[in-house]
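The values are calculated or read from the model by the stated rules, or taken from the named source; none is laboratory data. What you see is a predicted model; the values in this text were computed from it and never measured. We place every Cβ from the backbone using ideal geometry, glycine too, and count neighbours over all the protein chains shown. These area figures cover heavy atoms from the full protein model, side chains too; ligands, DNA and RNA do not enter into them. Shrake-Rupley method; radii C 1.70, N 1.55, O 1.52, S 1.80 Å.
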Amino acid sequence: MWQRKQTIFLICSIIAIAICLFEPVAVANASAGLGEEHLLMNLGLQNSGNIDFMPVWPLFVLATVVGVLSTIGIFLFHSRKLQMKVCTYAMIADILWYVYYIILFVQSELEMNIRFAACLPLVSCIFLWLAKKGIKADDDLVKSMDRIR
């Protein structure tokens, strides 16, 4: 299980999304009249006054879904078809994370700046794609060994 390259890609995907969960993905600037910078985390807006006026919990849910699906994908090495489907669903959740992230920027009245952690779901999606490609290669290899020559 651990010697397959797609397992390493899935672990890297888990690490990237875990870092994204705990790092700020944007900063609301003080020029918007708030008096200080506020960090947009995956679970909410972090500040000293506990102002929570942006519904950002879907970012947390989607990032958690990606992490859980990637973890499940590691242990589905006996069922390559299901493992590929799990990778596909995790990539879709990564894309939906970006869709909601863009919606937050468009609907926000604040001046927001993107932070480094906002690129980590893309990194996770790339690792998931590489894992799916490796799983497909394994599946093709097994199918070629099953043919009668």
- Of the candidate values (1) 1.36; (2) 0.93; (3) 1.13, the one computed for Rg/Rh (Cα atoms, Kirkwood Rh) from this structure is (3)
- Could you order peptides 9-18, 93-102, 106-115 by the average number of other Cβ atoms within 10 Å of their residues, highest first? 9-18, 93-102, 106-115
- Query: Got a sec? What order do Val68, Val123, Val86 fall in by accessible area at 1.4 Å, biggest, i.e. largest, first?
  - Reply: Val68, Val123, Val86
- Task: Note down the net charge around Val86, summing +1 for each Lys or Arg and -1 for each Asp or Glu among other residues with Cβ under 11 Å from its Cβ.
- Result: +4
- Query: Quick one: net charge of Ile11's neighbours, Cβ under 15 Å, K/R +1, D/E -1?
  - Reply: +3
- Of Ser70, Ser79, ordered by accessible area with the largest first and a 1.4 Å probe, the sequence is Ser79, Ser70
- the chain: calculated mean residue ellipticity at 222 nm from DSSP helix runs of at least 4, using -39500 (n - 2.57): -21500 deg cm²/dmol
